[in-house]
Structure formats: C-alpha cells, structure tokens
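Engineer: My questions all concern the structure below.
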Amino acid sequence: FWYGRRVGYTDGSCTSVNREHVLRRAGVGLAWGKDHPDSVACPLQGPWQSSQRAELTAAVQMTLAALEEPLLIRTDSAWTMAGGLFLLRGYKPDARWETELSREWAAAIARRSPIAAALSPESEGPCR
C-alpha cells in the first residue's frame, strides 16, 4: 500500500516483433509484491500477439483484481497509461480502434469504488 492505495505492477512483452502476428508470442505479468500469491505471469491469449495488447491486458487484469479498493497501477507503458487516463476522465473510445479488451477496461474503471476517483492524478493531496 502507498498512501492508502494498493500498488500493483504490470508488464507485457512480445517476442519476434518483426514477424507476422501469427508467429509472435506475448506474455502478461501482474506483480503485487515479492512472493505475493496473487502475482501472475502467463502467455497472452488470442491470435493477435503484440506488446501493446499484452500491456493493455495486464492493466485490465490488474484493474479487475482489485475493484473494491483504491489502486495504483505502475506500468512502463506510456501507451497504456495514456489510455487509462483517457478512460478515467470519461473518454469514449473511438469505434475504429475499440476492442473487447478496451471495452472491458473502460467498464472495470467505471465500476471502481468512488474513493478511486478521488485519488485520480488530478486530485490534490500527498500523491501529486
């Protein structure tokens, strides 16, 4: 916990990125802390294997894992962080790139506890 929020770390990666998507293999990681039983590392499911999809999947799974408590997701993906901030502010994804995964993340963010909204990056407080 950090300033009253549960902290989780996410990562996604992909091998053979210069090859066709069918030949790529991607993976997802969620870490809650050293030897924590809820930490996960697994292959990315589905035919479309990419680093961005793995990063997004990790963030979605982290968001779904802690719906009832304030959450701080640490990610090394600026792309995922920017998407999450847009969703937190109520942005509706463009239908041209909207996927089941992005809809699932938007729904998970919308279901978060009211305390989570108060701890968004725009809020005042010691976390800024």
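Engineer: Around residue 72, which amide H atoms from residues at least 5 apart in sequence, or from another chain, sit under 5 Å from its own amide H, with H modelled in the peptide plane?
Structural biologist: 6, 7, 8
Engineer: Just to check I understand the Karplus step: with θ = phi - 60° and J = 6.51 cos²θ - 1.76 cosθ + 1.60, what whole-Hz values come out for the range 21-27, glycine and proline as x?
Structural biologist: 4, 5, 9, 7, 9, 10, x
Engineer: For the range 1-71, which chymotrypsin sites (Phe, Trp or Tyr not before Pro) pass both filters: DSSP loop (anything but H, G, I, E, B) and at most 12 other C-beta atoms within 10 Å?
Structural biologist: Answer in residue order: 1, 3.
Engineer: Another one. HN-Hα J couplings of the range 80-85 from phi, Karplus 6.51/-1.76/1.60, θ = phi - 60°, integer Hz, Gly and Pro as x?
Structural biologist: For the range 80-85, the Karplus curve yields 5, 4, 4, x, x, 5 Hz.
Each value in this text was obtained by applying a stated rule to the coordinates, not by laboratory testing. As the structure is a prediction and not an experimental result, all values here were calculated from the model. Positions of Cβ are generated from backbone atoms using ideal geometry, with glycine treated the same way; all protein chains shown enter the neighbour counts.
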